[in-house]
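Note sheet for the following structure.
The values are calculated or read from the model by the stated rules, or taken from the named source; none is laboratory data. Everything numeric in this text was worked out from a predicted model, so none of it was measured. Backbone-built Cβ (ideal geometry, glycine too); neighbour counts: all protein chains shown.
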Amino acid sequence: MQKILIEKPYKFVPPFTWHWPQRLLTKFGKFKGLLRKNHGVVAHECRNVNRLRASLAAKHGVMLTPNHPRTADPIAMYHLCQETPMSMYSMASWHLFNQTAFTSFMVRLMGAFSVNREGLDRKAVDYAINVLVNAERPLLIFPSGTTSRTNDQLMAFMEGPAFIARTAAKRKAKEGGKVVTHPICIKYFYQGDIEKVAQDVLQKVEKQLTWKPDLTVPLIDRIVKIGDAMLTLKELEHHVRLPHGTPLRERQTHMVNHLLAPLEEEWLGAVAKGGIQTRVKNLRMKIFPEMSRNEVTPEEKLRRWKHLEKTYLAQQIDCYPEKYVTEQRSVDRILETIEKFEEDLFVHCRIHGNLKVVLDVGEAIEVPTKRDRNAESDPLITEIRTSLNSMLLELQKESRIYEGRQGIY
């Protein structure tokens, strides 16, 4: 479990509002070294930037709502800042402000402010609304709330960004202005030798599973076999038994409900519906705040950590789409999947390099001042998601297809 929950009372951290540092650092591309060193991103391309320029020229309040496949995404967005050019504010998880003093300083310098994902953070919401109303800079929010490492498929979106945008739109309308959101499609293309990289990672993973690596088995078959084994081990650990041959997605759904439903009954009073991210967020909002304030006994803290670990596992399981590497055998999907194997087994995955990021700016979506209460899901979130899906489908066509030996899957 990665260290994303900080055991101390939350305190809102505002960004530094100076204009010149972000503009200067962006202009000279200082973020590119971080992308290369920490994430292996060595090339980029920005598309349809004119759409964003038009919204900025019109003085609209602008919310940027990208998909979130990698931890590199917030830094990669500065390619877009460089080419527009513009500065931006961004809403960022509080754990990013609890690393080194230098990291916290730089995150704030680049326009980020904190949000407490394990609580109701009114200060962060108010700050975000004011950013959109003042229209001084665009506001960056990732609607999924967390990374997926499945670039070609979107996770469930939170509805918080839509609430922020609509509240700002109401205030902006009184001034005769508008708030718009631009979906930003982020897509990474791997340009290196996928066969070599995959063999190195899979051998490491297979040894961790106490298997003897068999290089005669086709690459895709090995990936599918490892994925099945990792899920099976978790099913055994948590005493989950399903009939042989149960489809992967059914196994995943059953496992997630097995992990979350008892927690929801204890902490929320009933089993919840909706996306995994919303279910996990609601649980963490109940389980974690007293821990962060040191208001529970050591025994209770240990029990709650075990509950939090189950929510983390549920998220991990949900990030493995069925047939992800078999329906489209792209080198990008293969890389993402083996990186997830490595991350889930060893907490961190190695930097493989040779990544190119494409940032495609979607058409502006005008934010309404009211929500259609008859709609089952938030109409604004639905429109953002539809736009991102459409752009992703087009970008998928540019992925290299793996031409290695075919197996039985």
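Set side by side, the residues 136, 118, 159 differ, and just one is of a type in the set (Asp, Glu) and free of Cβ contacts under 8 Å to residues at least 60 places away in the same chain, which is 136. Is it the case that some residue within segment 137-160 is in the same structural domain as residue 39 (by TED's automatic domain parsing) and farther than 17 Å from residue 67 by Cβ? For segment 137-160, residues in the same structural domain as residue 39 (by TED's automatic domain parsing) and farther than 17 Å from residue 67 by Cβ: present.
Please enumerate the residues belonging to segment 367-393 that are acidic (Asp, Glu) and either assigned by TED's automatic domain parsing to the domain that holds residue 332 or surrounded by 14 or more Cβ atoms within 10 Å (Cβ to Cβ) (or both). Correct list: 378, 383. Residue check: is residue 61 assigned by TED's automatic domain parsing to the domain that holds residue 142, of a type in the set (Gly, Ala, Ser) and surrounded by fewer than 17 Cβ atoms within 10 Å (Cβ to Cβ)? In short, no.
Matching residues to (1) surrounded by fewer than 17 Cβ atoms within 10 Å (Cβ to Cβ); (2) of a type in the set (Val, Ile, Thr); (3) within 21 Å of residue 59 (Cα to Cα):
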residue: 102; (1), (2), (3): yes, no, no
residue: 105; (1), (2), (3): yes, no, no
residue: 127; (1), (2), (3): no, no, yes
residue: 133; (1), (2), (3): no, yes, yes
residue: 142; (1), (2), (3): no, no, no
residue: 146; (1), (2), (3): no, yes, no
residue: 174; (1), (2), (3): yes, no, yes
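When restricted to residues that are among the aliphatic types (A, V, I, L, M), in a helix (DSSP H, G or I) and farther than 12 Å from residue 315 by Cβ, segment 256-280 contains 2.
When residue 27 is tested against the conditions (1) of a type outside the set (Val, Ile, Thr); (2) on the phi < 0 side of the Ramachandran plot; (3) surrounded by 18 or more Cβ atoms within 10 Å (Cβ to Cβ), the lone failure is (3). Residues of segment 308-357 that are at positive phi and either of a type in the set (D, E, K, R) or under 15 Å from the mean Cα position of the chain (by Cα) (or both): 323 alone.
Yes or no: residue 308 in contact (Cβ under 8 Å) with a residue 40 or more places away in the chain, in contact with a Ser or Thr (Cβ under 9 Å, 6 or more places away or on another chain) and closer than 30 Å to residue 376 by Cα? For residue 308, the condition - in contact (Cβ under 8 Å) with a residue 40 or more places away in the chain, in contact with a Ser or Thr (Cβ under 9 Å, 6 or more places away or on another chain) and closer than 30 Å to residue 376 by Cα - is not met.
Per the conditions (1) over 29 Å from residue 118 (Cβ atoms); (2) in contact with a helix residue (DSSP H, G or I) (Cβ under 7 Å, 6 or more places away or on another chain); (3) surrounded by 14 or more Cβ atoms within 10 Å (Cβ to Cβ); (4) not aliphatic (A, V, I, L, M), the sole criterion not satisfied by residue 349 is (1).
Within segment 31-45, is there a residue that is assigned to a strand (DSSP E or B), outside the structural domain of residue 319 (by TED's automatic domain parsing) and crowded, with 18+ Cβ neighbours inside 10 Å? Checking segment 31-45: at least one residue is assigned to a strand (DSSP E or B), outside the structural domain of residue 319 (by TED's automatic domain parsing) and crowded, with 18+ Cβ neighbours inside 10 Å. Looking at (1) crowded, with 16+ Cβ neighbours inside 10 Å; (2) part of a helix (DSSP H, G or I), find the lone condition where residue 306 falls short. Condition not satisfied by residue 306: (1).
Table: residues versus (1) at pLDDT below 95; (2) within 27 Å of residue 365 (Cα to Cα).
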{"residue": "14", "(1), (2)": "no, no"}
{"residue": "28", "(1), (2)": "yes, no"}
{"residue": "49", "(1), (2)": "no, yes"}
{"residue": "54", "(1), (2)": "no, yes"}
{"residue": "67", "(1), (2)": "no, yes"}
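Does residue 296 satisfy the criteria of being at pLDDT below 95, not assigned by TED's automatic domain parsing to the domain that holds residue 120 and not in a helix (DSSP H, G or I)? Yes. From the list 210, 246, pick out the single residue that is free of Cβ contacts under 8 Å to residues at least 12 places away in the same chain, under 21 Å from residue 315 (Cα atoms) and more than 22 Å from the chain's Cα centre (by Cα). After applying the criteria, what remains is 246. One residue alone among 106, 110 is in contact with a Pro (Cβ under 9 Å, 6 or more places away or on another chain), among the aliphatic types (A, V, I, L, M) and not assigned by TED's automatic domain parsing to the domain that holds residue 305, and that residue is 110. Residues that are touching a helix residue (DSSP H, G or I) at 6+ places or on another chain (Cβ under 6 Å), part of a helix (DSSP H, G or I) and of a type in the set (Asp, Glu) within segment 309-337 comprise just one, 318. Looking at segment 257-287 only, could you name the residues that are over 21 Å from the mean Cα position of the chain (by Cα) and more than 25 Å from residue 241 (Cα to Cα)? Listed by number, the residues that qualify are 267, 268, 269, 286, 287.
The residues listed here are 101, 112; of these, the one that is touching a helix residue (DSSP H, G or I) at 6+ places or on another chain (Cβ under 8 Å) and of a type in the set (A, V, I, L, M) is 112. Taken over segment 176-196, the residue count meeting the criterion of being charged (D, E, K, R) and either buried (at least 24 other Cβ atoms within 10 Å of the Cβ) or closer than 17 Å to residue 359 by Cβ (or both) is 1.
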